[in-house]
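See structure below.
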Amino acid sequence: MSRPRLAFLGLGWIGRHRMEAVAAADIADIVALSDPSAEAVDAAAESAPDAVRCDGLEELLAEKPDGVVIATPSALHAEQTIAALGAGAAVFCQKPLGRTAEEARACVEAARGAGRLLAADLSYRHAAAFMALRDAVAAGELGPVHAVDLTFHNAYGPDKPWFRDRALSGGGCLIDLGVHLVDMAVWALGTRDLRCTSAHLYSGGQRLTGAALQETVEDYAAATLETTDGAVVRIACSWNLPAGREAVIEVEAFGAHGGFAVTNEHGSFYDFSAHRHHGTSTKQRVAPPDAWGGRAAADWARRLAEGERFDPACEGLVDLAAAIDAVYARAAAG
């Protein structure tokens, strides 16, 4: 197993956290760093003192990295991903991979053409509580699952202005938080195709439809989707909702033979418990702590070190983006 040479583009708290996770795993060499903020680069350099400091993606790619980790504003993801793949580097990109399914598809096709490993930071897949949910469904413990309810309320909301600029973000809380909910439903159920049957988006308590969705990003979203097997998936997410705690993050799945729930503890963004329900009784399967936040990035770096190239599973990122597109389209139609 070789040690890939990695470059990091975007070193806000998420980019820096993913870099630190890769550094701690000790499976790759961090050779280049770039961020518009000199302070962010200084902070990252504490974990990678030998890395070259670069002014943007072009200089990063001049260092000939084997892989690039991208944690920049969403509007830049597709263009930067395609450029890195075209230069022969694998890519690990923050979600969303693209603001639309069209952008996501272009990234996947670039990865296919380059024969390089592409992954997105769908980090909750690597948390023990959510993995327990998926394992229970896959093992048939619940019977055929016919209902999944998913919630992500971030009572703080984003801290960067670009999140509220649709041209830069691609949307509001739905594309920011709802993407995790849709992905969790798809991943846990082992399905790819979801059909949106209803969608409601709001900003400041006012419903957004039609042209309003081109001018304003949503801070509350609720939608119902269906799988090809007829299971119903309900999602709700928000920014700055007066939830009485910092965050509400929950997934509940129900089948004929029982239920399963994953919930965040005490409003935490990081601590999750998992419970298996039997009628009116419940039993805990997973309890915190669980240091899961950087596992997706470390897993990508490990796969790169093991010589993995294009993975057709990344085509699911296009389906994920298409589901989000469908929610926006349904909401716009009123």
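May I ask you to compute the full-extension gain from Met1 to His17, defined as 0.36 nm times their residue separation minus their alpha-carbon distance, rounded to one decimal in nm? Before the final figure, lay out each step's value.
Details: separation 16, 0.36 × 16 = 5.76 nm, distance 2.43 nm.
So the extension gain works out to 3.3 nm.
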*Cβ-based net charge around Ala313, under 13 Å, with every Lys or Arg adding one and every Asp or Glu removing one*: -1
*asked:* At 7 Å along Cα-to-Cβ for each site, give me the label-to-label distance between Asp311 and Asp165 in nm.
replied: 3.3
*Any chance you could run the full-extension gain for His146 through Thr263? It's 0.36 nm times the residue separation minus the Cα-Cα distance, nm to one decimal.*
40.2 nm
*asked:* Keeping every protein chain present and rolling a 1.4 Å probe, give me the accessible area per residue for the chain in Å².
replied: 43
*Which percent of the accessible area of the chain is formed by carbon and sulfur heavy atoms (probe 1.4 angstrom)?*
50
*Any idea what the dipole of the chain comes to, in debye rounded to 20, about its Cα centre with Lys/Arg Cβ at +1 and Asp/Glu Cβ at -1?*
660
*So for the pair Gln206, Ala329, with labels modelled 7 Å out along Cα→Cβ, what separation do we get in nm?*
2.7
*From phi via Karplus (6.51, -1.76, 1.60), per-residue ³J(HN,Hα) for the stretch 85-94 in Hz, x at Gly/Pro*: 4, x, 8, x, 9, 6, 9, 10, 10, 4
*Roughly what % of DSSP beta bridges within the chain run antiparallel, to the nearest 5?*
65
*Enumerate the amide H contacts of Thr197 below 5 Å, restricted to partners 5 or more residues apart or on another chain; note that Pro and chain-start residues carry no placed amide H.*
Thr224, Leu225, Glu226
*asked:* What are the ³J(HN,Hα) couplings of the stretch 112-119, residue after residue, when phi is run through the Karplus curve with 6.51, -1.76, 1.60 and θ = phi - 60°? Round to Hz, x for glycine and proline.
replied: 4, x, 7, x, 10, 6, 10, 8
*How long is the gain from Glu226 to Asp26 if the chain were fully straight, where each residue apart is worth 0.36 nm and the alpha carbon distance is subtracted?*
67.8 nm
*asked:* Sequence gap at least 6, Cα distance under 8 Å: using those rules, report the relative contact order of the chain to the nearest whole percent.
replied: 22
*With θ set to phi - 60°, apply the Karplus curve 6.51 cos²θ - 1.76 cosθ + 1.60 along the stretch 57-63 and write out the HN-Hα couplings as whole Hz, x wherever there is a Gly or Pro.*
5, 4, 5, 4, 5, 5, 7
*Folded to 0 to 90 degrees: helix 13-25 orientation relative to the chain principal axis, Cα*: 70
*For the stretch 113-182, just say rounded, prolate or oblate: build the C-alpha gyration tensor, square-root its eigenvalues into a ≥ b ≥ c, call rounded for a/c under 1.5, and beyond that prolate if a/b exceeds b/c, oblate if not.*
oblate
*Take every DSSP beta bridge with both residues inside the stretch 124-290 and express the antiparallel ones as a percent of the total, to the nearest 5.*
85
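Just to verify a number: FRET efficiency for Asp50 and Arg112, C-beta to C-beta distance, R0 = 30 Å, to 0.05?
Working from the Cβ atoms, E equals 0.35.
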*How far is it, in nm, from the label point at Ala138 to the one at Thr197 when both lie 7 Å from their Cα along the line to the Cβ?*
2.8
*May I ask for the longest run of the chain untouched by GluC sites (Glu not before Pro) that are loop-located per DSSP and have at most 12 neighbouring C-beta atoms (other than their own) within 10 Å?*
47-305
*What number, in percent, do you get for the relative contact order of the stretch 232-334 if the mean sequence gap of Cα pairs under 8 Å and at least 6 apart is divided by its residue count?*
13
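The values are calculated or read from the model by the stated rules, or taken from the named source; none is laboratory data. Please read these numbers as outputs of a predicted model, since none were measured by experiment. Here Cβ is always computed from backbone atoms with ideal geometry, including for glycine, and neighbour counts include all displayed protein chains. Heads up: the accessible areas ignore ligands, DNA and RNA and are worked out on the full protein's heavy atoms, side chains in. Shrake-Rupley method; radii C 1.70, N 1.55, O 1.52, S 1.80 Å.
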